[in-house]
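Nothing in this text is a laboratory measurement; each read-out follows from the coordinates by a stated rule. Keep in mind that what you see is a predicted model, and the values were worked out from it rather than measured. Here Cβ is always computed from backbone atoms with ideal geometry, including for glycine, and neighbour counts include all displayed protein chains.
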Amino acid sequence: MAQSSDNSLTMPRLERWIVCNNALVTFPRSPNGFEIEHLLLRVGQRGRSLAESMKLVIRKAELKDAIAAWNIRNVAILAQCTGHYPNEQLAAWTAGEITDAFIQSVARHWYVATLNESVVGTGMLDHANGQVDAVFVRPERMGTGVGHSIMAHLESRAIAAGLTLLTLNSTLNAAPFYRKCGFVGEQRGVYESSRGISLACIPMAKQLARAAVAGEQ
Ligand SMILES: CC(C)(COP(=O)(O)OP(=O)(O)OC[C@H]1O[C@@H](n2cnc3c(N)ncnc32)[C@H](O)[C@@H]1OP(=O)(O)O)[C@@H](O)C(=O)NCCC(=O)NCCS
């Protein structure tokens, strides 16, 4: 989106766009292919600065993002899961050093949300089965629409990949957030982490509709 001389916002010529989770997701012609800028109409509607929201860029994660992703995972869990899980579980969940398996997973399946090129949130989508995981937002950015934008992005990627269902295991604290994103699920289950920790969770799912894609012949 461009700023015109009279300070009003004008729409750029978009190659393709879809509306997903109330966010306008654009697919500009880009040498990086999947680098997509979210125009957070939704955030603007909440009275926050649209100029600020426009700086949020969600892109495929790379190896170099792994340490930031690891740090955000740990601080997000400790900030918001506290009170929902026993302290010993939280300590075990966030203990230890970053592993090679984690780094490889970030590079393969994760996306990062960046503000002014600084990573403020993460999300994972397994394109093979529609499993969503690792939706974490830096605590100082929680409640500003970053998580919702990440979910909108993962959903748009899933739809583009032809998936019809997204599934996830929500932390006990995050189920209301996922419901706001259109996921359903009430029953408690058990999430077995890759580090062998069993955590209470709420399995949830969202059926995807084929979105209308403008500009597609
Ligand atoms: C859960 C999390 C990803 C949400 O991200 P966020 O950026 O804070 O959420 P948003 O600001 O995009 O919120 C979107 C909507 O969900 C609501 N919401 C977000 N977190 C919520 C919560 N814990 N409880 C109730 N509602 C919540 C918001 O109020 C907002 O509602 P609105 O559309 O009516 O304004 C983030 O808080 C987080 O990282 N939590 C800790 C880690 C975690 O548990 N992740 C989930 C792993 S399965």
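Results, tabulated for the structure shown:
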item	result
Within the stretch 160-177, tally of residues that are within 14 Å of the ligand (Cβ to nearest atom) and either closer than 25 Å to ALA91 by Cβ or surrounded by fewer than 16 Cβ atoms within 10 Å (Cβ to Cβ) (or both)	10
Residues within the stretch 84-116 that are without any contact (Cβ under 8 Å) to a residue 60 or more places away in the chain and within 12 Å of the ligand (Cβ to nearest atom), tallied	3
Condition met for GLN80 (out of contact with any strand residue (DSSP E or B) (no Cβ under 6 Å at 6 or more places or on another chain), of a type in the set (S, T, N, Q) and touching a residue at least 40 places away in the same chain (Cβ under 8 Å))	yes
Selection from the stretch 117-159 of residues that are charged (D, E, K, R), within 9 Å of the ligand (Cβ to nearest atom) and in contact with a Leu (Cβ under 8 Å, 6 or more places away or on another chain)	ASP133, ARG141
Some residue of the stretch 147-156 being outside any strand (DSSP E or B), within 19 Å of ALA79 (Cβ to Cβ) and touching a His at 6+ places or on another chain (Cβ under 7 Å)	yes
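The rows are residues; the columns are (1) more than 26 Å from ALA91 (Cβ to Cβ); (2) in contact with a Phe, Trp or Tyr (Cβ under 7 Å, 6 or more places away or on another chain); (3) surrounded by fewer than 20 Cβ atoms within 10 Å (Cβ to Cβ).
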| position | (1), (2), (3) |
| --- | --- |
| VAL120 | no, no, no |
| ASN129 | yes, no, yes |
| HIS148 | yes, no, no |
| LYS180 | yes, no, yes |
